[in-house]
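No value in this document is a laboratory result; all are computed from the given coordinates. What you see is a predicted model; the values in this text were computed from it and never measured. Cβ sites come from the backbone with ideal geometry, for glycine too, and all protein chains shown count toward neighbours.
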Amino acid sequence: MTNAVEIREELLRRGFEDVTISEVTKNSVHLTALSIRKDKNQSIAPCIYVTDEIKGLPDAEIACDLIEKRISEKESLDIGDPEQLISHDNILENVMIGAQRSSDQVLVKRPSELEGIEQFLFIRGNNHDGSTWSIKLTPSLMRHADLDIQETWCAAEANTFTESEINIQSMESMLFDMMGTSAEEACTPDMPLYVVTNKNKINGAVQIFNRKAIKAWAQEHGFNKLVMLPSSLHEVIVIPADGYESDLQGFSDMVREVNLTQVDPVDQLSDNAYIIDLAS
C-alpha cells in the first residue's frame, strides 16, 4: 500500500520540480489529487488522482511508474501552446457546457432547472486520433483570459446546444451500433427508451438542456412530456411521460439502485428521475 505523501517524495526524487497534494471534489466525490510539474514555470500542470488502484500498489516506486505513464499520455494531448489555449479568443471559440451533480467545486457554473444538477463551463479540444480532452473553467482562468461571464456563457450555449452536437437514438438503435445487438436479443423493456447524448458520447448528458432540439424531436414523435432518467454524466434516458408520470418515484428508486450497483460515483449525475415538460 502507498499514499500521496510517499508518491510526492518519489516524484521529487525523480526530478519533478513541483508536486502539490490537494483534496478536490470531482462531481461531488472527494478525491486526493497530485498537481505535477516537471518545470515550475509550466502554465498547466497535469492532475493525477490518487485512486484506489494507485493506493493499492505495493510501493511508491511502482505507483510513480504508473503515474509517469499517465503524465506521458496527458502530455501527448494536442493542446498546442498552453498560453494560447487559455487565451480570451480560444476559450470563447471552444468553451462548452457540461452537467454534473450540484457541488461546492470552485468552477464557473450555474444551477439548472433540474434540482440537484448544475451546469459548468469547460474547454474542449480534439486530438488527431479523434479522441477529445477537456479543461474545466475556474474563476481564476476567467480572470487570466479577461473574460466576461455573460459573454462566456452565451458563447458556450452557442457551441453546445446545436443540432450537430445532440444525438438522440432509440435504445435498440444504440445497442445495435455498439454491439450489433437487437432490442429483442437484449431483452429491452416494452416501453420506448431513447438515449440523449452528444456526438462524442462524452459528457453528453447536458444535451437534455438543448431544449430547442429536444422539443423539435419530441414534437416529431408526438411527445409532449418526457420522463428523464439520468444514467450518467455522459447520457440520459428519456421515455414518453404519458402513462408513466405517476411512477416518478419508482423511476427515481430505479436510478438510485443503478447508481449504487453499476455506475462509478464520479460519473453519476443524479439519484432522481425528472419530468421534462416541453410545453413550457
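Under a crude label model (7 Å from the Cα following the beta-carbon direction), how far is LEU248 from ASN3 in nanometres?
Result: 4.6 nm between the two label points.
With each label point set 7 Å from Cα along the Cα-Cβ vector, what nm distance links GLN42 and ARG143?
With each label placed 7 Å out from Cα toward Cβ, I get 2.4 nm.
Obtain the nm distance between the two label points defined at ASP104 and THR25 by a simple spin-label model: each point lies 7 Å from its Cα along the Cα-to-C-beta direction.
The answer from the label model is 0.5 nm.
What does the extension gain come out to for LYS199 and SER87, with contour length at 0.36 nm per residue minus their alpha carbon separation?
37.7 nm
What lysines sit close enough to LYS199 to cross-link, taking a C-alpha to C-alpha distance under 20 Å and skipping anything fewer than 8 places away on the same chain?
Answer for LYS199, where 20 Å is the Cα cut-off: LYS136, LYS212, LYS215, listed by chain and number.
Mind sorting VAL255, VAL108 by how few other Cβ atoms lie within 10 Å of their own Cβ, fewest first?
Exposure proxy ranking, most exposed first: VAL108, VAL255.
Report the full-extension gain for the segment VAL266 to ARG70: residue separation times 0.36 nm, less the Cα-Cα distance, to one decimal in nm.
So the chain would gain 68.7 nm between VAL266 and ARG70.
Taking the Cβ-Cβ separation of GLU113 and SER170 as r and a Förster radius of 22 Å, what is the calculated FRET efficiency to the nearest 0.05?
With a Förster radius of 22 Å, E is 0.30.
Starting from the Cα-Cα distance between HIS221 and ILE275, subtract it from 0.36 nm times their residue separation and give me the gain in nm to one decimal.
My answer for the length gained is 17.7 nm.
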